[in-house]
1. Count, please, the residues in the stretch 159-189 that happen to be in contact with a Phe, Trp or Tyr (Cβ under 9 Å, 6 or more places away or on another chain), surrounded by fewer than 17 Cβ atoms within 10 Å (Cβ to Cβ) and under 19 Å from residue 378 (Cα atoms).
2. Within the stretch 286-307, can you find the residues that are hydrophobic (A, V, I, L, M, F, W, C) and closer than 30 Å to residue 45 by Cβ?
3. Any residue at all in the stretch 73-95 that is on the phi > 0 side of the Ramachandran plot, under 21 Å from the mean Cα position of the chain (by Cα) and more than 16 Å from the ligand (Cβ to nearest atom)?
4. Just give me the residues in the stretch 264-284 being away from the ligand (no atom under 13 Å from the Cβ) and out of contact with any strand residue (DSSP E or B) (no Cβ under 6 Å at 6 or more places or on another chain), in sequence order.
5. Kindly list, by first and then second residue, each pair from a residue in the stretch 419-431 that is in a loop (DSSP other than H, G, I, E, B) to a residue that is of a type in the set (Ser, Thr, Tyr), limited to pairs with Cβ atoms under 6 Å and residues at least 6 apart or on different chains.
6. For residue 219, indicate whether it is within 13 Å of the ligand (Cβ to nearest atom), free of Cβ contacts under 8 Å to residues at least 60 places away in the same chain and within 13 Å of the chain's Cα centre (by Cα).
7. Would you pick out the residues in the stretch 111-165 that are touching a residue at least 12 places away in the same chain (Cβ under 8 Å), β-branched (Val, Ile, Thr) and more than 16 Å from the ligand (Cβ to nearest atom)?
8. Go through the stretch 410-436 and give me each residue that's more than 18 Å from residue 229 (Cα to Cα), crowded, with 19+ Cβ neighbours inside 10 Å and of a type in the set (D, E, K, R).
Amino acid sequence: LREMNARHLWHPMGHPGEAQTNTPKIIKGAEGVRITDIDGHNPVDAVGGLWCVNLGYSNDAIKQAIADQLWQLPYYSAFAGSTNPAAIEASYAVQDFFAQDGMTRVFFTSGGSDSVDTALRMARQYHRLRGEPTRTKFLSLKKGYHGTHWGGASVNGNNRFRIGYEPMLPGCFHLPSPYTYRNPFDETDPAKLAEKIATAMVDEIEFQDPSTIAAFIMEPIQGAGGVIVPDASFMKHMRAICDRYGILMISDEVITGFGRTGDWSGARHWGVQPDLMTIAKGITSGYFPVGGVLVGDKVAEVFESAGPEGSIWTGYTYSAHPVGAAAVVACLSETLRLDTRTNAAARGTQLYEGVLKLARKHDIIGDVRGGHGLMTGIEIVSDKAHKTPMDAASMKRIHQATYEAGAMVRLGAHNILMSPPLTISEDEVNVILTALDAGFAAA
Ligand code: PMP
């Protein structure tokens, strides 16, 4: 396997030559919240696959629903002229799940990047249908992650996805991230930073001309960018500015949806209703690739009253895939039955407080972020006073030592990121904390 991997398998976000010198962990099985590799390690998966396996690896109801659907109808297109019962049931289940967020319609995709691209297209079309075709630009946040299709990569706040692939979508502007540890304002107070970014947003909108801006996209808590938790006022400021200027707000809930923040959506966690939501990952707990764009009545009615002009000219062969749809119905029903948001809030606090304790012991911990459900980020520095980012070799050593001590964590540039299954137990969180302690000691 290792030899074939090195010769034939290119890994996303890794360089092809790396597989020849580096030995990736080859995961062959999983049970509960633990994964098993071919070398016999059996760590707690503090990454939840890739921020997605919210219900753990042993949910029989989802597995059975997928198996049953495979025998009933393995595939049929859900383009304009046809659909399938599972897709219709899934649409009901999804909008019902997000009803409190004001969502009433769903457009299914195959994943998060598809969902972001679709949402951006819908935003432009919405304004065109309303007679404002000049509204084509997008605002987003630095450190945001919105997938790797052209639209998502254009609004991404991590320039690694842009540099080397330009030109991107024109008319995308990136505001500062609500990242208190480092920001252009040198502002460490989260509420004051929120106000300063709001001022910068108004300034940019005025500079661009409000009548040229289609939408603002943000993650309620930035995930891949390092688990950046904004002040509770932040998203409300953004919502108010979008309303003032007629800009659509897209909440990218690919990670934060389905309970991860301790509530069913990240926007709800901050007391905000967006106009569109992009979802994926937790929609099937990773058991099948599905994503979606949700819209509320305000957006839906513009499309639905426009006749053929309101047709959505994007879509995927696997949009509303019946097997994926069956996985969605089972996953949402299990998510509600297990009330995973409640456990996510309690275990998230335990994990966050445990890491804060580790930060008092290990000087290499520069910043700890989390405290809102099961999303935790740890920024590692080689010099705490100067906030010098830790070098890559030491980061790899932390990662490997933590793994060998019993927990798989996600390795960012100089961050350790965690998003374990929302079903994790108190003891299993303690396993992660003990393993991290060993990992930091090793560095
Ligand atoms: N948006 C956000 C907020 C994400 O975290 C991700 C994936 N990590 C995406 C979009 C892209 O999703 P996918 O990888 O399923 O295309």
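1. 1
2. Hits for the stretch 286-307 are 288, 290, 293, 294.
3. Within the stretch 73-95, not a single residue is on the phi > 0 side of the Ramachandran plot, under 21 Å from the mean Cα position of the chain (by Cα) and more than 16 Å from the ligand (Cβ to nearest atom).
4. Matches in the stretch 264-284: 264, 268, 269, 270, 271, 272, 273.
5. Pairs that qualify, where the first residue is in a loop (DSSP other than H, G, I, E, B) and the partner is of a type in the set (Ser, Thr, Tyr), are 422/340.
6. Details: within 13 Å of the ligand (Cβ to nearest atom): yes; free of Cβ contacts under 8 Å to residues at least 60 places away in the same chain: no; within 13 Å of the chain's Cα centre (by Cα): yes.
Spelling it out, it is not the case that residue 219 is within 13 Å of the ligand (Cβ to nearest atom), free of Cβ contacts under 8 Å to residues at least 60 places away in the same chain and within 13 Å of the chain's Cα centre (by Cα).
7. Here is the first cut: in the stretch 111-165, the ones touching a residue at least 12 places away in the same chain (Cβ under 8 Å) are 111-127, 129-130, 132, 134-158, 161, 165.
Still in the list and also β-branched (Val, Ile, Thr): 116, 118, 134, 136, 148, 155.
Answer for the stretch 111-165, where residues must be touching a residue at least 12 places away in the same chain (Cβ under 8 Å), β-branched (Val, Ile, Thr) and more than 16 Å from the ligand (Cβ to nearest atom): 134, 136.
8. Within the stretch 410-436, 428 is the sole residue that qualifies.
Quick note: the coordinates plus some simple rules give every number you see, no bench work behind them. All of these numbers come straight from a predicted model, not from anything done at the bench. Note that each Cβ is placed from the backbone with ideal geometry, even for glycine, and that neighbours are counted across all protein chains shown.
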